[in-house]
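Since every read-out is calculated from the coordinates, none of them should be taken as a lab result. The structure displayed is predicted, hence computed values, not measured ones. Heads up, the Cβs are rebuilt from the backbone with ideal geometry, glycines too, and the neighbour counts pull from every protein chain shown.
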Amino acid sequence: MESFGALMDGFATALTPINLMWSLVGVTLGTLIGILPGIGPALTIALLLPVTRTLDPTGAFIMFAGLYYGAMYGSSTTSILLNTPGESGSIITALEGNQMARRGRGAAALATAAIGSFVAGTVGTLLLSFLAPVFVKLAIMFGPAEYFALMVMAFATVSTLLGASMVRGITSLMIGLAFGLAGTDILTGQPRLVFGIPSMLRGIDTVVVAVGLFAVGEALYMASRRDLREAVVLPIRGSLFMTREEWSRSWKPWLRGTLLGFPFGTLPAGGTEIPTFLSYYVEKKLARNPREFGQGAIEGVAGPEAANNAAVAGVLVPLLALGLPTSATAAILLAAFEQYNLQPGPQLFTASGSLVWGLIASLYIGNVMLLILNLPLAGLWVRLLAIPQPLLYGGILVFSTLGVYSLSNSVFDLVLLFLVGVVGFLMRRYDFPVAPAIIGLILGPMAEAQFRRALTISQGDPSVFVTHPLSLALLVVAALVVVVPSAVAWIRARAEADPV
Amino acid sequence: MSGSRGRSLAGLLIGLGLIAVAAVIASDAMHMRVPPVHAKVGPRVFPYLVSCGLAVSGAAIAWQAWSRSFLVEAQDTDWGAVAIIAAGLVLQINLLKPLGFVPAAIILFMTVAFAFGSRRLLRDGAVALILAVVTYLAFTRLLGLQLPAGILKGVM
């Protein structure tokens, strides 16, 4: 029960007034950006990085993690009342949630989403508290070859499981890896893809790419879609106190959603989206009256909303214990650790134990704050949805350019931002998922470092990757993830062409 | 996804563009002067891998576009709005230093609002002015960051 003692120390850290304030700032900001379509947690944390550089890392991470949790709470409100997801983790919530709002049960939908998020967030944080140390024990066995293989597996899963097709996912990953190559090579000092421009020697900052893809690309895309401009915000109707029937129909989906969401968060599959789709599917299968789905079934809100919050807790397990980001937001958080010269993994738990456990403890507190912020105060937040789109995106772009400029007071970074933004727009327009690019950008240089370290240790013998059993196993999983879906698709196509 | 089942010109261009980028990365790696110590696991290996990956994906997309299997959701694209925002960003890049943060931010904000269909210039301008001034003061006075003062030097 050593982690119990550590967690208690964590509460001592998290309950100091200054850290409570950071937690409150994080969850409030998270709810805000969760509700606003067009701004997500990855973008917000990226924009906050230059500003938080001088902050105490514990406070900064408490704020970031609270923000990530808060975004999942807030986004359900937008899905339910606007029929547009605030974040990708709430896409599926819009299906039943908006129908409930149309039928005058919007308040009940908001309530089951908020309470479900609370249940899942708390259970998820509990699992995180006790699983993270287990993962750390696993991480101690990892050498450079294993780390490289783990990253290859993450590349494979992220690029095959997200997006419309595998080719698009892999292309997105490659674009991210290419961005990551630019700059001075760490080991030899060799300039790469610098094209004689001195500012390029620093490489392309993570913030520039994240903001370019998420903010500039998204703004260009939304402007290009005239049909997405005007959306109707439904008023909250009904009582925020759920009826006995609504409670009894909600609690099982909450728990099932949690059990689906958490493990999916820990896997490198892009975070919160996939478990919400699975949860919806499961609830529909198990429902006593499946025909109600599509017309406002409360289970279809309760399950996915629990799943996305549990997934966020799950995402933090490999991030803290292995330094492996499994979602775009986690990738940005990893960049934040780099900014403070902190290396997630076993050392983080021993050298910065108070940061890790303070962060985890703050999530329990943040969840309580979020329940209060999102349930009784839901009516206040809804007013944010009245911000006209032109002003919203005008503001997003002003803050984006401001954040990128203040990275190093360089206009050249704004030029890069513009170019990355155009790439982001094309990716959005032609349906390439963005998350693999962000993960490739951040993990690419790390994978390269581990790859070269492993080969240096083995004196250039590439067989290290297949003779270490753990490394081999991870590489086999990576290969299967790429091969199996194509094989299944091929067999299915043949079966369709030639029905037995 | 409702896709048009035609040859996709966009897909073809994207595929060829990716192959071109792959060629640039490969040629950059080829022109590196690498000390012989690092010849085996030096700074070239990863660029070559990424270049191959990009070339293969580019070829796959070009092939899909040609063989009518690159599905693109049929949608109206308002290229004018995209061009206006792009112009706003280019203006911002060129005006930030000479005019300063506040005017450059106001121009960017109003351009974006215009591209999103707003024609209420007075309202947009007022919001832009307040937003730009408040952020300028917050960043320079509270957070101690440097932003170009430009024409407002000495005034604020």
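Only helices enter the 222 nm calculation for the protein assembly as shown: every DSSP H run of n ≥ 4 contributes -39,500 (n - 2.57), and dividing by all residues gives -23500 deg cm²/dmol, rounded to 500. Averaged over peptide B:70-81, the number of partner chain Cβ atoms lying within 10 Å of each residue's Cβ comes to 4.
Each Cα pair of the stretch A:55-123 feeds into the Kirkwood radius, which the Stokes-Einstein equation turns, at 20 °C and 1.002 mPa s, into a diffusion coefficient of 170 µm²/s.
Put simply, the convex hull of the Cα atoms in the stretch A:386-500 casts, on average, a shadow of 14.5 nm². Cα centroid separation, the stretch A:188-204 to the stretch A:274-290: 50 Å.
Dividing the radius of gyration of the alpha carbons in the stretch A:123-213 by their Kirkwood radius gives 1.08 for Rg/Rh. Taking amide H positions as modeled 1.01 Å from N, with prolines and chain starts lacking one, the residues under 5 Å from A:ARG192 and 5 or more places away or on another chain are A:GLY183, A:THR184, A:ASP185. For the segment A:215-227, counting C-beta atoms of other chains within 10 Å of every residue's C-beta and taking the mean gives 5. Once the Cα atoms are used to define both axes, helix A:17-35 deviates from the longest principal axis of chain A by about 70 degrees. Other protein chain C-beta atoms within 10 Å of residue C-beta, averaged over A:443-451: 2. What's the longest bit of chain A with no exposed chymotrypsin sites (Phe, Trp or Tyr not before Pro), using DSSP loop states and at most 14 other Cβ atoms within 10 Å as the test? My reading of the result: A:242-500 is the longest stretch.
Over the stretch B:5-148, the Kirkwood radius and the radius of gyration, each from Cα atoms, give a ratio Rg/Rh of 1.18. Our compactness index for the stretch A:362-439, the C-alpha radius of gyration over the empirical 2.2 N^0.38 Å, is 1.54.
With a ≥ b ≥ c taken as the square roots of the eigenvalues of the C-alpha gyration tensor of the stretch A:9-66, please select rounded if a/c is under 1.5 and otherwise prolate if a/b is larger than b/c or oblate if it is not? It is oblate, given that a/c is not under 1.5 and a/b is not larger than b/c.
Listed by chain and number, the lysines placed with their C-alpha closer than 19 angstrom to that of A:LYS252 are A:LYS284, A:LYS285; residues fewer than eight positions away on the same chain are left out. Select from A:LEU161, A:GLY189, A:ALA178 the residue farthest towards the positive end of the dipole of the stretch A:154-244; place +1 on Cβ of Lys and Arg, -1 on Cβ of Asp and Glu, and compute about the Cα centre. Positive-end residue among those listed: A:LEU161. Its Cα gyration tensor gives the stretch A:233-305 an equivalent ellipsoid, and the semi-axes of that ellipsoid, as √(5λ) in whole Å with the largest first, are 23, 14, 12.
In nm, to one decimal, how far is the modelled label at A:PHE277 from the one at A:ILE186, with both set 7 Å along Cα→Cβ? Placing both labels 7 Å along Cα→Cβ, they lie 3.3 nm apart. Computed on the Cα trace of the stretch A:182-289, the radius of gyration divided by the Kirkwood hydrodynamic radius gives Rg/Rh = 1.21.
The C-alpha atoms of the protein assembly as shown occupy a region whose extents along the principal axes are 73, 65, 62 Å, arranged from largest to smallest. With R₀ set to 30 Å, the beta-carbon distance separating A:THR54 from B:VAL34 gives a calculated FRET efficiency near 0.20.
Of all lysines in the structure, those lying under 25 Å Cα to Cα from B:LYS153, and not within fewer than 8 positions of it along the same chain, are B:LYS97. If you plug the beta carbon distance of A:ILE197 and B:LYS153 into 1/(1 + (r/R0)^6) with R0 = 35 Å, you get a FRET efficiency near 0.75. Helix A:2-14 axis versus longest C-alpha principal axis of chain A: approximately 70°, rounded to the nearest ten.
Using only side-chain charges placed at the Cβ, +1 for Lys and Arg and -1 for Asp and Glu, the dipole size of the stretch B:14-156 relative to its Cα centre rounds to 440 debye. This ranking places A:VAL476, A:VAL51 by how few other beta-carbon atoms lie within 10 Å of each, fewest first, which gives A:VAL476, A:VAL51.
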